[in-house]
1. Tell me, rounded to the nearest percent, the portion of alpha carbon pairs in the range B:259-398 spaced more than 22 Å apart.
2. Considering only Cα-Cα distances, which of the following residue pairs are longer than 31 Å: A:Lys143/B:Lys39; B:Lys144/B:Lys209; A:Lys12/B:Lys200; A:Lys116/B:Lys342; B:Lys136/B:Lys322?
3. Full-extension gain between B:Glu304 and B:Trp198, please, as 0.36 nm times their residue separation minus the C-alpha to C-alpha distance.
4. Mean 1/r over all different Cα pairs, inverted: what Kirkwood radius does the range B:316-405 give, in Å?
5. As an exercise, use a Förster radius of 41 Å and the Cβ-Cβ distance of A:Phe204 and A:Leu49 to find the FRET efficiency, rounded to the nearest 0.05.
6. Please report, largest first and rounded to whole Å, the three semi-axes of the ellipsoid equivalent to the range B:224-303, where each semi-axis is the square root of five times an eigenvalue of the C-alpha gyration tensor.
7. Once Lys and Arg get +1 and Asp and Glu get -1 on their Cβ, which of B:Thr386, B:Ser267, B:Asn167 lies farthest toward the positive end of the dipole of chain B?
8. For all pairs of alpha-carbon atoms in the protein assembly as shown, what percent lies in each bin of width 20 Å, listed from the first bin to the last filled one?
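Quick note: the coordinates plus some simple rules give every number you see, no bench work behind them. On a predicted model such as this, the values are computed, not experimentally measured, just so you know. Here the Cβ is made from the backbone with ideal geometry for all residues, glycine too, and neighbour counts use every protein chain on show.
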Amino acid sequence: MIEQDLNTLEEKSIFILREASQRFKNIAALWSMGKDSTTMLAIARKAFLGKVPFPVIHIDNGIDFPETYSFREKLAKKWNLDLIVEKSEIKPDPIGSACCGANKADALKELMKERKFDAIIVSIRRDEHSIRSKERYMSPRDKEFRWNYKNQPAELWDDYTSKIDAGSHVRVHPLLDWNEIDVWRYIKKENIPVNPLYFSRNGFRYRSLGCTHCTVPVKSNAKTVDAIIKELESTKVEERSGRSMDKENEYAMQKLRALGYM
Amino acid sequence: MKVRQITLLGHKDHGKSTLIGSLLMLTKSVTQTRINEAKKYSKKLNKDFEPAFILDSFHEEREGGLTIDTTRAEVLYKNTAFSFIDVPGHEELINNMISGASYASVALLIVSAKKDEGIQDQTKRHLFIARMLGIKKLIVAINKMDLVEFSEQRFMQIKDELSDFINRIGFRSEDVSYIPISAYKGENILDHSTNMKWYKGPPLLKALKETPETGRAKDDGALRIILQGFLNGKRNSVMGKVVRGSIKLGEKATCIIPLNVNVRIKSIVVRGKRVNSAKEGNSVVLGLDKEINQDVRGSIICGEAYCPIPTDNIRARVFLTKALGKDTTIKFNGMEIRCSIKPLSYIDPTTGQSSERNRLKGSSLIAIDAQLKLSRKIAAERFDDTQELGRFLVYTGTEFAGIGIII
């Protein structure tokens, strides 16, 4: 796995967050308490000199791990986050995956109707999944949250998309360039708090975090950030191999994203 | 490590995605899972294994056999990291090609040597756009050599035909090299091909590794900071990016152009920490000695010594992806500025030749040298002096219509 220059990555993410703060009037960020979205919040604190200036949303389906809930409470308090917890239901989604992904999109839609956010910060990375690698730094969604992946706007020269029509919003992706190993190296460098589920217990740890129904742990003895980095330096297995949603249907990710699921 | 951005260029079907798929496999830069997935899918579509499937992941791309959008692949070769930006070759997808290619400093052009393929209009258009985007280094990979019996004659034929055009649009000969390859068979990619002993140059990856990075043309230390706006609404605290030069605390006063306000920098924050100086590439927060009562977005901070003169009249080369309508705006450093565009001459991107009248078919996928009159003054420079202050996007109504560089 290629280890990129962390300063360069950080500068770009800071730039994107600050651009978003100028281009949009009502921003919010999604937070899953995972390593990526927590890293994004740490960077936002730097970008805006100490405080995260936008609300942070947890779409809660009620079946997250207990460690996740307690991590949420602790960090929200420590970093003085403007936390919004929006409940989502669990039921089969339109394309038949046994995952609640699309229901989280419904919960987010409800919240957005209420709060009228015009931009949502999402901490996806290009290297996570081949479909994500097609994303832009700022990517518009229509009123139904659909991603028109066939007709993406031109994005170049530090210019990014602003809204496309009333009632739509833009997804902001400040971590697009980061690799999995870069996130961990940054966490180590900056001493960022980490959800304990990432560390090994009884010979297993979670490399990627979903909720209790769809996340499968991987074999590992890595109990510290250093150990995780060492493990990643030699791994040949994809990060999301423990996420059943990705496997079930080849184009599940593309369909779900096109439908409005993040 | 630094990741070198390389954009692929070329007509659809000449093998860009196949080349990247091969590069990923040959350098072992892709997981077995991805290779297996691509193999499985090739089988499903009743095809021989398509390395291009490793990258073309949208299902329309695999089933339709074409790349729709730009995507990237990271390759590690002998301690150098490359990010290959794959772009669609199809004419209709030119916006996606422009977006992808804009991140690169080196272009890798793929041209098929196959009979009835060879140099196409789109091949040349891609080169023209790459040159406009400021790319100076070019490697031309003449592909599918396995389908022309590895003929040196065919290779030279394509090379000669292309080099005229390449020089005419502004690439220097010393910055361009030509390599015969077969992406599908992996010939001359990692190792010297035994089938092309007449070729004495390096194989592709070696050539890429040896291509030096281009630095800034002028390095006279002139300071340019492009401002994004006020931090948290505080009017004596600005956020921006240093695109050129460096700034130290306690230096002589600086100007905000085009506002014509002089300020003193009282504090500099880089990556969350207070520092004494900032340099090119840093995103900064600057504490000023006064509040600014105008909008600063898109303005620049420069040293007193040499500041560009604010202007509302620029001369630019514009590549149009759409015909211009009545309602034209340019997007420049975070600002949207209404303008009028008056063409002075028309350039055919497939020949590089210009004429005073539009002799080309249609009014899109053409280039023009034009005079632009803007609705207000901006801080701008020639593209060749400071790229970030000399480039803009053109919109007609709400639609992206092209790119422009100030000449």
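1. Result for the distance tail: 50 percent.
2. Values: A:Lys143/B:Lys39 37 Å; B:Lys144/B:Lys209 22 Å; A:Lys12/B:Lys200 41 Å; A:Lys116/B:Lys342 41 Å; B:Lys136/B:Lys322 26 Å.
Going by Cα-Cα distance, A:Lys143/B:Lys39; A:Lys12/B:Lys200; A:Lys116/B:Lys342 fall outside the 31 Å limit.
3. That pair, B:Glu304 and B:Trp198, stretches by 32.4 nm at full extension.
4. Evaluated over the range B:316-405, this radius sits at 13.3 Å.
5. 0.55
6. 16, 13, 12
7. Going by the charge dipole, the pick is B:Ser267.
8. Spelled out per bin, shortest first, that is 18, 51, 30, 2.
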